[in-house]
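Quick notes on the structure that follows.
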Amino acid sequence: MASIPLPTPANPLRIGTRASPLAMAQAHLAAAALIKAHDLNPDALDIVPMTATGDRIQDRALAEVGGKALWTRELDAALDAGTIDIAVHSLKDVETLRDPRFALGAMLERADPRDRLVVRAGLDAPTIADLPRGARLGTSSPRRAAQVKRLRPDLVTTLLRGNVQTRLAKLAAGDADATLLAAAGLERLAMPDIGRAQPIDLLLPAASQGAIGIDARADDAATLALLKAVDHALTHRAVMAERALLAALGGDCRSPVAAHAHWQAGGLLRLDAEIYSDDGAAHVAGHAMVSGESDAAALAHRLLGEAPDAVRRLFAA
């Protein structure tokens, strides 16, 4: 590691991040990992927050206004311009097919990938099955909406956007009776007791959920070498399998898809995946043991081959 040029207070590593509380918490986790791995002076790292387009648009679904690029556009521009050296992302919010100018240099160890069901005050519902008939569940995720409708066709899904604090405030204001939030995000915001975690076999999570990715410029060998020391290899391999499945499906932010790769005894990686129609009435599920991204792509093609038209038409593959 001594051959890697390390950042110093005089020449700090500039860490780009969205300015939301959760994104800032994730940037601090990345900074802490780098400090520990390289025994850095904390002043050798400079966190640079910026407001993403996706944070400014709160009244429409992302699919209507540009998709996941709305979370990465500003960070990508700053990285390309050299005003930041790395960018920290929630990987589930990052486009599957990335600009080749950028390289995913590291993933931190994945946190809890599950969803947590959060309900309004006065409502006791530890699981989706316990919600009252006709309850309104707020979400901006096509995946969550389809899963909820499949489990409980009587529930009404309504658009609920914003960062975690905004969504909790809207829930408290009566905009919805319940919502689903990522357990990893709540933990990173020191809110581990909010809501109830839902079993993965009930609500398969989004691909990359719980994973933090760190991008650098693809031609910045020194920074990529610096990031290699904080890369969690098992998380990286699992999440790349999930992202390979998304790429093979040809899905976008309108496509209801869930995927979770997890390690089993003997060092085997199992990838579970589900694809849905908009209303959740039709769906296809499957799994495969994967040793590389081609196995994940093969699972995607198998699911599409088994899917009815109501599901298949939502994917471009």
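Quick query: amide H of Thr157 versus all other amide H atoms, modeled in the peptide plane; which residues come in under 5 Å with a sequence gap of 5 or more or a different chain?
Counting only residues 5 or more places away or on other chains, the set is Leu137.
Output the relative contact order of the chain, whole-number percent, from Cα pairs under 8 angstrom with separation of 6+ residues.
Answer for the chain is 20 percent.
Round to the nearest 0.05 the FRET efficiency obtained for Asp154 and Ala197 when R0 = 25 Å and r is the Cβ-Cβ distance.
0.60
For the chain, what is the mean residue ellipticity at 222 nm derived from helices alone (per DSSP H run of n ≥ 4: -39500 (n - 2.57); sum divided by total residues; nearest 500 deg cm²/dmol)?
-10000 deg cm²/dmol
Just to confirm a number: summing +1 for Lys and Arg and -1 for Asp and Glu over residues other than Ala78 whose beta-carbon lies under 13 angstrom from that of Ala78, what do you get?
Computed value for this residue: -1.
Count the lysine pairs in the chain that are 8 or more places apart or on different chains: how many have C-alpha atoms under 28 angstrom apart?
Lysine pairs satisfying the spacing and distance rule in the chain number 10.
Mind ordering 135-142, 179-186 by average Cβ neighbours within 10 Å, highest first?
179-186, 135-142
Order 229-239, 102-112 from most to least packed using the mean count of other Cβ atoms within 10 Å.
Sorting 229-239, 102-112 by mean packing, highest first, produces 102-112, 229-239.
If each of Ala218 and Thr51 carries a label point 7 Å out from its Cα toward its Cβ, how far apart are those two points in nm?
The two pseudo-label positions are separated by 3.2 nm.
Residue by residue, what Karplus-based ³J(HN,Hα) values in Hz, rounded to whole numbers, does the range 102-117 have, using 6.51, -1.76 and 1.60 with θ = phi - 60° and x for Gly and Pro?
Karplus values, whole Hz, x for Gly and Pro: 10, 10, 7, x, 7, 10, 6, 4, 5, 8, 3, x, 6, 8, 10, 8.
Give me the one-decimal nm value for the distance between modelled label points at His262 and Ala229, 7 Å along each residue's Cα-to-Cβ direction.
Taking the two extended label points, one gets 3.3 nm.
Each residue of the range 131-145 in turn: what ³J(HN,Hα) in whole Hz from Karplus with 6.51, -1.76, 1.60 and θ = phi - 60°, glycine and Pro shown as x?
5, x, 4, x, 4, 9, 10, x, 6, 10, 9, x, 4, 5, 4
Using label points projected 7 Å from each Cα along Cα→Cβ, tell me how many nm separate Ala281 and Asn11, to one decimal.
Label-label distance for Ala281 and Asn11, simple model: 6.3 nm.
Give me the net charge of Ala218's neighbourhood, meaning all other residues with Cβ under 15 Å from the Cβ of Ala218; Lys, Arg count +1, Asp, Glu -1.
Residues close to Ala218 contribute a combined charge of -3.
Considering the convex hull of the alpha carbon atoms of the range 115-197, report its projected area averaged over all viewing directions, in nm², one decimal.
Mean orientational projected area (the range 115-197, Cα hull): 4.7 nm².
Over the chain, what per residue volume does the convex hull of the Cα atoms give, in whole Å³?
Considering the Cα atoms of the chain, their hull volume per residue is 134 Å³.
Considering only the other residues whose Cβ falls under 11 Å of the Cβ of Glu293, what net charge follows from Lys and Arg at +1 and Asp and Glu at -1?
Every neighbour counted, the sum reads 0.
Once each part is reduced to its C-alpha centroid, what is the distance from the range 138-156 to the range 168-199 in angstrom?
Each part reduced to its Cα centre gives a spacing of 16 Å.
Report ³J(HN,Hα) in whole Hz for each residue of the range 20-27, in order, from the Karplus equation J = 6.51 cos²θ - 1.76 cosθ + 1.60 where θ = phi - 60°; Gly and Pro get x.
These are the phi-based 3J(HN,Hα) values: 5, x, 5, 4, 5, 4, 5, 5 Hz.
All of the numbers you see were taken from the coordinates with simple rules; none came from a lab. On a predicted model such as this, the values are computed, not experimentally measured, just so you know. For neighbour counting, all protein chains shown are included, and Cβ atoms are generated from backbone atoms with ideal geometry for every residue, glycine included.
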